[in-house]
Ligand SMILES: *[C@@H]1O[C@H](CO)[C@@H](O)[C@H](O)[C@H]1NC(C)=O
Ligand SMILES: *[C@@H]1O[C@H](CO)[C@@H](O)[C@H](O)[C@H]1NC(C)=O
Ligand SMILES: *[C@@H]1O[C@H](CO)[C@@H](O)[C@H](O)[C@H]1NC(C)=O
Ligand SMILES: *[C@@H]1O[C@H](CO)[C@@H](O)[C@H](O)[C@H]1NC(C)=O
Ligand SMILES: *[C@@H]1O[C@H](CO)[C@@H](O)[C@H](O)[C@H]1NC(C)=O
Ligand SMILES: [Zn+2]
């Protein structure tokens, strides 16, 4: 039926000067064959893990990345449900509209996974350095992240959320595989686009910046991680309670509850003083090269 219509159209057009082009376009079969290729041909739905990772390493990185998706997915769902009227949202992003936050998480949840690679060899010879649990390869390979052995010893699973003394305000964001790998994904252009960056330096900054709607909070890697962890803790792990901890410089401290807020003392990893110039050292001693 469709074909018949086309033939009629071509016949009608024969007299017109464009008839040659029309006939060419209507070569039997040609356009239909092209359409057999789906628009998303070649889509990658699982994060690629390099052949240098053995079974043990691969299993843990894959499970960690699954938890990254789980963490990001809930964060997105929370914002989709409540928008910027959520108290939790406002704690991290003030009165800013929710588009960027939803997008940053959805890219990880639903976006194509093909633009990155996690590897377990140590091509830049960085893993021997004290406290290095992994690193972005930076200029050496912008789409690649190395996971060092320390990760397997220290990272926790999301089902330990709010346990083992962890709370959001005082705990390091890299306590969990989920948030650590989210951070590492955002360093790679396929997920961070150079747009997700590091502005805040402490948890206090996160909260202070949210109060005056600082725009960078919606594309700050740490703020996104803190929000996702807090939402997971409050909504999922310990419903309606969570484990927010306390902000150390609470000006409005009505009751001086002394919560010796020693930032991530338990995590105390030696600050890598010998970090190359292009690397940034986070509060908790995690170095990422950028
Ligand atoms: C994988 O490599 C790690 C680090 O070299 C090692 O500790 C572990 O035993 C290896 N696992 C297997 C199954 O070979
Ligand atoms: C990760 O999630 C995918 C999709 O849900 C699943 O097929 C896979 O088995 C999971 N892998 C691990 C290591 O949990
Ligand atoms: C939500 O975002 C809109 C648009 O920026 C803003 O006008 C509004 O005040 C915000 N609402 C809350 C509760 O923060
Ligand atoms: C990139 O490779 C060079 C040469 O091997 C190395 O010195 C440098 O530390 C590497 N950069 C990163 C970010 O690892
Ligand atoms: C918001 O407050 C922080 C800390 O008080 C300050 O550093 C920053 O410049 C402020 N930003 C805006 C947009 O007002
Ligand atoms: Zn970083």
Could you please give the count of residues in region 186-216 that are surrounded by 20 or more Cβ atoms within 10 Å (Cβ to Cβ) and in contact with a strand residue (DSSP E or B) (Cβ under 6 Å, 6 or more places away or on another chain)?
2
Can you find, within region 82-92, the residue that is surrounded by the fewest Cβ atoms within 10 Å (Cβ to Cβ) among those that are more than 16 Å from residue 240 (Cα to Cα) and more than 17 Å from the chain's Cα centre (by Cα)?
85
Name the single residue, out of those in region 59-80 being more than 15 Å from residue 227 (Cα to Cα) and free of Cβ contacts under 8 Å to residues at least 40 places away in the same chain, that is farthest from ligand 1 (Cβ to nearest atom).
66
When you look at residue 177, is it surrounded by fewer than 20 Cβ atoms within 10 Å (Cβ to Cβ), within 16 Å of ligand 2 (Cβ to nearest atom) and touching a residue at least 60 places away in the same chain (Cβ under 8 Å), yes or no?
no
Filter region 125-152 for residues that are free of Cβ contacts under 8 Å to residues at least 40 places away in the same chain and more than 18 Å from residue 183 (Cβ to Cβ); which is surrounded by the most Cβ atoms within 10 Å (Cβ to Cβ)?
149
In region 61-87, which residues are part of a helix (DSSP H, G or I) and farther than 22 Å from residue 177 by Cβ?
79, 80, 81, 82, 83, 84, 85, 87
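No lab work stands behind these numbers, since they all come straight from the coordinates. Quantities reported herein were computed from a predicted structural model and do not represent experimental measurements. All Cβ positions, even for glycine, are placed from backbone atoms using ideal geometry, and neighbour counts span all protein chains on display.
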